[in-house]
Amino acid sequence: MSPQDRVAERISAAARRSHVFLATAESLTGGQISCLLGAAPASSDWYRGSVVAYSSEVKHRVLQVPDGPVVSEPSARAMAGAVAELLGADIAVAVTGAGGPDPQDGQPPGTVWFGLFSDGRIETEVRRFPGEPQDVVTATTEHALALLEQALAAVSGRVPPPA
């Protein structure tokens, strides 16, 4: 079992304990975060799904990203909020970045913006990951999973549905 699979298992346990729903909005990772979460134990109980918006047009049209560069803080913020609303999630993570090998939107390869929707708020952060495109995707996936795990540790959770 990979380290990413182990994190996804911990996310599953925490989401089930807290009775919350999770979602993802992905760009440069192309669905890798979603694959890991969907393969985690009992994912149908807590994972609402993902919007993989690789194209800028899809980000603007589906995820309400404002006009302008998509490798940006406003893009990550919009993606996290929109996917949470679209899929009915309590916690959502969004990733958008320049995976490489070329720059995108004036940002050097390895620049990734993260958006995290939790507790009705959206927080963003930027990271710069070294390496080839696949290295950037792997590092982005790992950091997104870590953000979800941190958000779950801080969430109070909802009242469980009646049995």
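Read-outs throughout are calculated quantities, based only on the coordinates presented, and are distinct from any laboratory measurement. Because the structure is a prediction, the values reported are computed rather than measured. Heads up, the Cβs are rebuilt from the backbone with ideal geometry, glycines too, and the neighbour counts pull from every protein chain shown.
What shape does segment 15-62 take by its C-alpha gyration tensor, where a ≥ b ≥ c are the square roots of the eigenvalues and a/c under 1.5 counts as rounded, a/b above b/c as prolate, and the rest as oblate?
prolate
Give, rounded to the nearest 20 debye, the magnitude of the charge dipole that the chain has about its Cα centre when Lys and Arg contribute +1 at Cβ and Asp and Glu contribute -1 at Cβ.
Here the chain has a charge dipole of around 460 debye.
Stokes-Einstein D for segment 3-154 at 25 °C, 0.890 mPa s, Kirkwood Rh over Cα pairs, in µm²/s?
165 µm²/s
Treating the angle as unsigned and between 0 and 90°, give the value, to the nearest 10°, between the Cα long axis of helix 133-154 and the longest Cα principal axis of the chain.
Between the helix axis and the principal axis of the chain, the angle is about 40 degrees.
What nm value, rounded to one decimal, do you get for the distance between His19 and Tyr54 when each label is placed 7 Å out toward the C-beta?
3.9 nm
Considering all alpha-carbon pairs of segment 83-143, what whole percent are spaced by more than 20 angstrom?
Result for the distance tail: 32 percent.
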